[in-house]
1. Considering the zone a paramagnetic label at Q495 would reach in this model (a point 7 Å from Cα along the Cα-to-Cβ line), which residues of the stretch 537-576 have amide N under 20 Å from it?
2. Would any residue of the stretch 369-396 have its amide N under 13 Å from a label point 7 Å out along Cα→Cβ of E334? List them or say none.
3. Looking at the square roots a ≥ b ≥ c of the eigenvalues of the Cα gyration tensor of the stretch 482-576, which shape do they give, rounded for a/c under 1.5, prolate if a/b is larger than b/c, or oblate?
4. What fraction of the DSSP beta bridges in the stretch 87-214 is antiparallel, stated in percent and rounded to the nearest 5?
5. Report the charge-dipole magnitude of the stretch 506-552 in Debye, nearest 20, computed about the Cα centre from +1 at each Lys and Arg Cβ and -1 at each Asp and Glu Cβ.
6. For L184, what charge total do you get from the other residues with a beta carbon under 15 Å from its beta carbon, if Lys and Arg give +1 and Asp and Glu give -1?
7. If r is the Cβ-Cβ distance from S108 to R572 and R0 is 25 Å, what FRET efficiency results, to the nearest 0.05?
8. Please compute the contact order of the stretch 384-541 in relative form: average sequence separation of alpha-carbon pairs under 8 Å and at least six residues apart, divided by the residue count, as a percent.
Amino acid sequence: MKTRFISILISILALALLSVSISVAQTASSEPVTLALVNGRIWLGGDASSFAEAVAIRGDRILRVGPTSEIKKLADSNTQVIDLGGRLVTPGFNDAHIHFLGGSLGLSEVDLTDAKNPAEIIERVAAFAKRNPKASWITGRGWQYTSFPGGMPTKSYLDAIIKDRPIFLTAYDGHSGWVNSRALELAGITRETKFDGYGEIVRDVYGEPTGALKEGAQGLIRRLIPEATRQQKLDALRQGMKLAARLGITSIQNAGGSPDELSLYDELLKRGELTLRVSVAFSVGARTTPPTPQEIDRFVQLKNQYDLNPMLRAGAVKFVIDGVIESHTAAMIEPYSDLPPNHGAPMGELSMPSDQYRDLVARLDRAGFQIYTHAIGDRGVREALDAYEAAQAANKRKYTLHRVEHIETVSPADIPRFAKLGVMASMEPIHADPGTVEVWSKAVGPERLPYSFAWASLLRSGARLVFSSDWPATISLDPIRGLHSAVNRRTIDGQPSKGWIPQQRINLVEALRAYTQMGAVASYEEQIKGRIAPGMLADLIVLSQDLFKTDPARIFQTRVAMTVFDGKVIFRDNGL
Ligand SMILES: [Zn+2]
């Protein structure tokens, strides 16, 4: 008995010694602080304006925040110590709705995003064609509806410069296409061509196709354009990631992708090249055939495979329930304000039958997915809320946080439903840039304008609000431009001076939060990222000027001086 007692005593002592040595190892240099940012102004994130002076990072996590003197004590000879010279640090930006592959591929096409008028567009297209004599198609993106009389371009502009090669130019929002006669010819689109899908081949008074294609009708052309190879896609993503790092974007939520696209990110992850955390939502809506049970099974399998992976996730699906305001394809409760009385679809229409959409939403909710729905018209928004409400009543899942994307118009009656149903409002502040809303405003009309891009009304109602770019369907991927728009509702030239629908402006902390912490909430990851606190993933950025002390009219001039992703400096602007 006695020997047994002694042996137990010895094991207890050994255990005690072991635990002492473990705790020593945890604080000793065997796990050093890898990066220390000192002498800065670190906005800790969340909904408060609380700051620290310095932050210590160990590996991919934030170890501690505090005064510079304290953080410096944690550093040793292996620590990279960066003096911030008083600069502002925020959590890395989370772009919660983006089409990253499309945007990245677009970097090697004609960029029309800031072209002001048809002459400038034509000049860029012609220059691109000259630079790329071997390109069988000339493709580009970014034209604005406001550049053309009547809000839509015609083939004649393009025919005047290029007749022998087909041209396909996507509008800045991706919802309309513009082609030359050669492209129409290759696609066999004539006065006789019928299109029954969601969208339209735009025609002149004689029935002749004008060269503009709305929504799904773009597919008649798009299917002819050779798809990029896997290698080209990977290279494009590498370019896209570089650009994102320069803009301080450390997380993205890909709003509409495929298992194939997911596999591209997976390859970059395995090669150690992924410098963004990616959450992929699979596209299930806005197409002629709903997903098959086999497809849904595949989505479930991928969702489980990437569950809890902080680099790559796949737990969501995305529907598109309507179109856009400018082309009158968004579904409205009341008629558009600028259509003739005999118009065939004066209120736009839903992109799929209501019962089919609701049934799919309920099925995917039951399968455990988070659901995104693109809804721009107030009728589309209501449809999404109705479908989510019905799914909740039927399936009774405890926490879902489904999302409505864009919400450019909303009925005041539906605003409180976001908080009540726990539905997230996912919006793009840059879409309300007053320089781009002329055609939009005429279609919406004065009565609906007060609830245009209604960030403030939604926030005040208790809705959770997350921000994004919708790149490449935007005039800018830069989150700083989004912050500028959210706080000012003015162009970078300060127009209009009082702000466009100024009652829907929000304050800086609200806007920053929608680009950081709420992005993490939107992908169920608020426990690991979106704020600067011990234990959180070390994704943070250093800015050229202190947003909290900057005149709001100058927010757009802010640049990213440094981006830290996963504990490593992945971008540094040496000029700043
Ligand atoms: Zn989108």
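1. Taking a point 7 Å out along Cα→Cβ of Q495, the residues of the stretch 537-576 whose backbone N falls under 20 Å are 553-557.
2. 378-379, by backbone N distance to the label point.
3. Because a/c hits 1.5 or more and a/b fails to exceed b/c, the stretch 482-576 counts as oblate.
4. Working: 9 of 16 bridges.
Once the DSSP bridges in the stretch 87-214 are tallied, antiparallel ones form about 55 percent.
5. Details: 4 positive and 6 negative charges, 14 e Å.
For this selection, approximately 60 debye.
6. Numbers: positive: K155, K163, R165, R182, R191, K194, R203, K214, R222, R223; negative: D159, D164, E185, E192, E200, D204, E208.
Summing Lys/Arg as +1 and Asp/Glu as -1 gives +3.
7. Approximately 0.50, to the nearest 0.05.
8. Working: 226 pairs, mean separation 32.6, N = 158.
Relative contact order here is 21 percent.
The values are calculated or read from the model by the stated rules, or taken from the named source; none is laboratory data. Just so it is clear, the model here is predicted, and its values are computed rather than measured. Note: ideal-geometry Cβ built from the backbone for every residue, glycine included; neighbour counts use all protein chains shown. Heads up: the accessible areas ignore ligands, DNA and RNA and are worked out on the full protein's heavy atoms, side chains in. Shrake-Rupley method; radii C 1.70, N 1.55, O 1.52, S 1.80 Å.
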